[in-house]
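The values are calculated or read from the model by the stated rules, or taken from the named source; none is laboratory data. What you see is a predicted model, and the numbers here were worked out from it, not measured in a lab. Please note: Cβ atoms are built from the backbone with ideal geometry, for glycine as well, and neighbour counts cover all protein chains shown. Only protein heavy atoms, including side chains, enter the accessible area calculation; ligands, DNA and RNA are left aside. Shrake-Rupley method; radii C 1.70, N 1.55, O 1.52, S 1.80 Å.
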Amino acid sequence: MKFRCERDVLVEALGTAGRAASAGRGGALPVLAGVRLETIGDQLHLAGTDLDLSIQVQIQVAALGGQDGVCVVPGRLALDIVRALEPGAVTVELDENDVRIAAGRSQFSVRTFPQADFPRLSQPTGDAVTLGGTELADALRQVVRAASTDDARPMLTGVLMSAEEGGLRLVATDSYRLAVRDLPGTTVLREGQKVLVPARALSELQRLLADGTEVTLRLADHDASFEVGTTRLTTRLIESEFPNYRQLIPPSYPNRLTVGRDALLDAVRRVKLLVRDNTTPIRIALRAEGIQLTAVTPEVGQASEDVDAKYEGSEMTVAFNPTYLSEGVEAISGDEVLLETLDALKPATIRAGDAGEYLYLLMPVRVS
């Protein structure tokens, strides 16, 4: 195996496939820290996996020597080497148990993993459904942030995809907040069907959809496959029951705040400067003439800021985790944010001013 490829193209391909490798996540098999390279003619196939998630990339290269071949290179090291090379063509050649990487006056020889130890990646099954990349990327941006990263509760580390009347719904929660996004007119599941897709996989998919390319989805009994251009991402589905989130969302709210998105977000960011750990809440005083944000850290000081807003309801003060609050406001599309609440101790919802298809439910913090 010997080929030549432009440095930037190879860096992107190695980086994409390598994000599925298990390095740094306690993989039991050393080979899972590697990226598999296989040349077939002038096509280079790259693959990384941690057994739950796999990413495969295909790029065109200049084949040298006329022989196809396969090897597994240390993913992070190979990426760092290629990225450090001067711009231009990079030559990669397999020599028994080493792979040689050269460009300009730079030459590296790196030990490979036994390619026979690399897991066999299954081919996707299930009917293919094509989705618009731009709309899906926006939905993932809004929802994935609310999923948990705590593996002790696996059902909360996923995003629920469910067939709703008229379209697809995405839902995620970490028990402190809940994000719901509807995609009207998008039909990828059978009526009543739902699957739980790992949020980590959808976060990687969001990266692949950065340019708005269409995505082809295939759902099997135990895994899901997403194809974007010449890249394929496959993930195991989470086989757990997602919490009944519907009971958390009241049918109506007596207290409604309408405020400019950017004005609120900027105020939160400024007041948050006095927060020294994420357990210090930001208090929001809701009143007819506007709102006041306050953060108090006894050993540091306090900050407050008034923001123009329209409020209808009983005057009260609610408090939220500052990071969860800012992430919810950031996810909103549009110029205005609508915050609705029952009282200071029950979950509040954040939506776009025109309601729209996105809802972010946030648990308040009890303060004295």
Any residue in the range 117-130 that is among the small types (Gly, Ala, Ser) sitting within a Cβ distance under 7 Å of a residue that is surrounded by 11 or more Cβ atoms within 10 Å (Cβ to Cβ)? List the pairs, counting only those 6 or more apart or interchain. Gly126/Arg218; Gly126/Leu219; Gly126/Ala220; Ala128/Thr216; Ala128/Arg218
Identify, please: which residue in the range 153-170 is open to solvent by less than 50 Å² (accessible area, probe 1.4 Å) and among the small types (Gly, Ala, Ser) and is, among those, farthest from Pro198 (Cα to Cα)? Gly167
When every residue in the range 249-261 that is open to solvent by 40 Å² or more (accessible area, probe 1.4 Å) and assigned to a loop (DSSP other than H, G, I, E, B) is compared, the one nearest to Asp174 (Cα to Cα) is Ile249
Open to solvent by less than 30 Å² (accessible area, probe 1.4 Å), out of contact with any Leu (no Cβ under 9 Å at 6 or more places or on another chain) and not polar (S, T, N, Q) - does that describe any residue in the range 132-151? no
Any chance the range 75-92 includes a residue that's touching a residue at least 40 places away in the same chain (Cβ under 8 Å), within 26 Å of Arg236 (Cβ to Cβ) and touching a strand residue (DSSP E or B) at 6+ places or on another chain (Cβ under 6 Å)? yes
Looking only at residues that are β-branched (Val, Ile, Thr), open to solvent by less than 10 Å² (accessible area, probe 1.4 Å) and not in a loop (DSSP other than H, G, I, E, B) in the range 313-359, which one is farthest from Ser175 (Cα to Cα)? Val337
Of the conditions (1) outside any strand (DSSP E or B); (2) at pLDDT 90 or above; (3) more than 25 Å from the chain's Cα centre (by Cα), Asp306 fails just one. Which one is it? (1)
Out of Arg269, Arg246, sole residue that is of a type in the set (D, E, K, R), part of a helix (DSSP H, G or I) and closer than 28 Å to Met155 by Cβ: Arg246
Single residue of the range 171-211 satisfying the filter (exposed (fewer than 14 other Cβ atoms within 10 Å of the Cβ) and small (Gly, Ala, Ser)) that is nearest to Gly15 (Cα to Cα): Ala210
Failed condition for Ile101, given (1) assigned to a loop (DSSP other than H, G, I, E, B); (2) open to solvent by less than 80 Å² (accessible area, probe 1.4 Å); (3) free of Cβ contacts under 8 Å to residues at least 24 places away in the same chain: (1)
Determine whether the range 176-199 contains at least one residue that is polar (S, T, N, Q), assigned to a helix (DSSP H, G or I) and at pLDDT below 95. no
When (1) surrounded by fewer than 18 Cβ atoms within 10 Å (Cβ to Cβ); (2) within 30 Å of Glu336 (Cβ to Cβ); (3) in contact with a Leu (Cβ under 8 Å, 6 or more places away or on another chain); (4) not aromatic (Phe, Trp, Tyr) are applied to Arg283, the one that fails is (1)
Any strands (runs of 3 or more DSSP E) falling wholly within the range 29-96 and containing at least 1 residues that are closer than 26 Å to Gln123 by Cα: 34-40, 43-49, 53-60, 69-74
Looking only at residues that are over 15 Å from Gly328 (Cβ atoms) and aliphatic (A, V, I, L, M) in the range 264-280, which one is surrounded by the fewest Cβ atoms within 10 Å (Cβ to Cβ)? Leu273
Please work out which one of (1) at positive phi; (2) touching a Pro at 6+ places or on another chain (Cβ under 8 Å) is the condition Gly212 fails and give its number. (2)
If you take the residues in the range 214-225 that are over 14 Å from Asp138 (Cβ atoms) and not charged (D, E, K, R), which one is most open to solvent (accessible area, probe 1.4 Å)? His222
Which condition from (1) modelled with pLDDT under 95; (2) open to solvent by 80 Å² or more (accessible area, probe 1.4 Å) is the one that Asp95 breaks? (2)
Which residues, taken from the range 286-312, are under 18 Å from Asp343 (Cβ atoms) and surrounded by fewer than 15 Cβ atoms within 10 Å (Cβ to Cβ)? Ala288, Glu312
